[in-house]
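Student: Once you've had a glance at the structure underneath, I'll fire off some questions.
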Ligand SMILES: Nc1ncnc2c1ncn2[C@@H]1O[C@H](COP(=O)(O)OP(=O)(O)O)[C@@H](O)[C@H]1O
Ligand SMILES: [Mg+2]
């Protein structure tokens with residue numbers, strides 16, 4: 001996955017929908033959030049804490065911003081990696097204004113000591129601050145202003161149960177279908193002023209890996225290509241040429257997706273192979289392979305997770321132009 005630089009982040013911000021109505025797809029989570037926010041508004045209180053789980057680029061940060069925007073409350077943004085000590089969290093929590101929405105991205109990466117402080121804060125809007133060390137240490141209780149915590153995670157399985165249980169609602173974001181991605185792209189094309197015929201729109205949607213962030217990114221590359229080669233209009237052939245240039249294959253898999261598939265199918269003969277072995281084979285972190293690459297490959301039926309490890313499905317062999325191992329006889333010795 002290509003890294004996101006500053007300029008990309010700025011454009012991403014400009015393309016973010018700011019209300020639930022503008023937010024495309026995820027009908028279920030949207031309905032659940034709507035109810036949660038309306039009930040809180042009727043009672044004039046802070047909404048329950050919300051956990052948003054799902055692969056990168058599906059709209060977690062966007063939804064957190066929408067929660068604050070729709071409830072007319074200020075938003076404070078932080079992230080798990082920035083909270084390395086309980087003290088970091090205490091400083092953050094004690095500075096919240098009443099009703100503020102606190103967004104903690106990648107909440108599974110927060111320090112353990114902070115996690116425990118967060119349990120109490122979420123439940124009772126109170127924390128205990130430890131003063132001193134050893135036998136003379138005492139804890140001073142500190143009342144907090146009520147707040148709504150919105151946590152986001154690509155790995156909800158890594159959250160300890162006590163933390164997960166303290167969220168009033170967990171929204172699981174799913175990959176988007178092509179029709180939904182077409183809506184995302186059409187909206188972004190309007191914002192960016194890109195002239196996009198419907199066949200081009202459909203082609204980008206088909207190759208966006210079910211992910212709005214990728215759809216928006218591909219759209220920008222197509223726009224560049226059209227500017228340089230096509231006098232502004234993004235023809236279907238232009239779209240194909242642009243996506244080929246950026247290593248996006250006909251079904252939207254990128255270089256890392258294909259590297260994982262190739263390793264699984266060719267090097268490990270379709271598996272089963274352990275996650276860490278697979279990750280080493282492609283020179284990536286296991287966490288990246290697990291949370292970024294695998295969810296989509298599982299979703300399109302290319303990869304299976306079994307107790308013995310990862311396995312390639314027949315569709316994966318077919319995509320790489322190979323016969324399935326059963327037919328190729330690779331596994332005759334098993
Ligand atoms: N449902 C959606 N409708 C329209 N655009 C979306 C939607 N979900 C995500 N996006 C766009 O995709 C990009 C990435 O979304 P983001 O919320 O940052 O994803 P995440 O936090 O889950 O990684 C943003 O630019 C956002 O505008
Ligand atoms: Mg995010």
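Nothing in this text is a laboratory measurement; each read-out follows from the coordinates by a stated rule. The structure presented is a predicted model; accordingly, all values stated were derived computationally and were not measured. With ideal geometry, Cβ positions are generated from the backbone for all residues, glycine too; neighbour counts draw on all protein chains shown.
Student: Got a sec? How would 133, 60 order by Cβ neighbour count within 10 Å, fewest to most?
Tutor: Placing the least packed residue first, the sequence is 133, 60.
Student: Additional query: Within the chain, what percent of beta bridges assigned by DSSP are antiparallel, to the nearest 5?
Tutor: 40
Student: May I ask for the angle, rounded to the nearest 10°, between helix 178-192 and the longest principal axis of the chain, with both axes built from Cα atoms and the value confined to 0 to 90°?
Tutor: Approximately 80 degrees, to the nearest 10.
Student: Something else: Over region 194-242, with a single point scatterer placed on each C-alpha, what log10 of the ratio I(q)/I(0) does the Debye formula yield at q = 0.19, 0.20, 0.27, 0.31 1/Å?
Tutor: -0.49, -0.54, -0.96, -1.21
Student: Would you list the P(r) distribution for the chain, with all Cα-Cα distances sorted into 20 Å bins from 0 and each bin expressed as a whole %?
Tutor: 27, 50, 21, 2
Student: If you average the C-alpha positions of region 266-306 and of region 113-127 separately, how far apart do those two centres end up, in angstrom?
Tutor: Each part's Cα centre sits 36 Å from the other's.
Student: Among 227, 218, 75, what is the fewest-to-most ranking by other Cβ atoms within 10 Å?
Tutor: Listed from fewest to most nearby Cβ atoms, that is 227, 75, 218.
Student: Would you order 11, 185 from fewest to most other beta-carbon atoms within 10 Å of each residue's own beta-carbon?
Tutor: So the ranking, lowest neighbour count to highest, is 11, 185.
Student: Now for a separate question. What's the center-to-center distance, using Cα atoms, between region 200-236 and region 15-87 in Å?
Tutor: 28
Student: Which residue fluctuates most in the GNM of the chain (Cα springs below 10 Å): 61, 306, 138?
Tutor: Among 61, 306, 138, the largest mean-square fluctuation in the Gaussian network model of the chain belongs to 138.
Student: Go ahead and set up a Gaussian network model of the chain, Cα springs under 10 Å, then flag whichever of 67, 292, 150 fluctuates most.
Tutor: In this elastic network of the chain, the residue with the biggest mean-square fluctuation among 67, 292, 150 is 292.
Student: Between helix 236-245 and the chain, what is the angle of the helix's C-alpha long axis to the longest principal axis, kept within 0 to 90° and rounded to the nearest 10?
Tutor: Roughly 70 degrees, rounded to the nearest 10.
Student: What number, rounded to the nearest 500 deg cm²/dmol, is the helix-based mean residue ellipticity at 222 nm of the chain, given -39500 (n - 2.57) per DSSP H run of at least four residues and division by all its residues?
Tutor: The helix-only estimate for the chain comes to -13000 deg cm²/dmol at 222 nm.
Student: On C-alpha positions alone, give me the angle between the axis of helix 27-43 and the longest principal axis of the chain, in degrees, nearest 10.
Tutor: That works out to roughly 20 degrees.
Student: Springs between alpha-carbon pairs under 10 angstrom, Gaussian network model over the chain: which of 315, 100, 174 fluctuates most?
Tutor: Judging by the Gaussian network model, the answer is 315.
Student: Measuring from the lowest to the highest alpha carbon on each principal axis, how far does region 204-328 reach, largest first, in angstroms?
Tutor: 53, 32, 22
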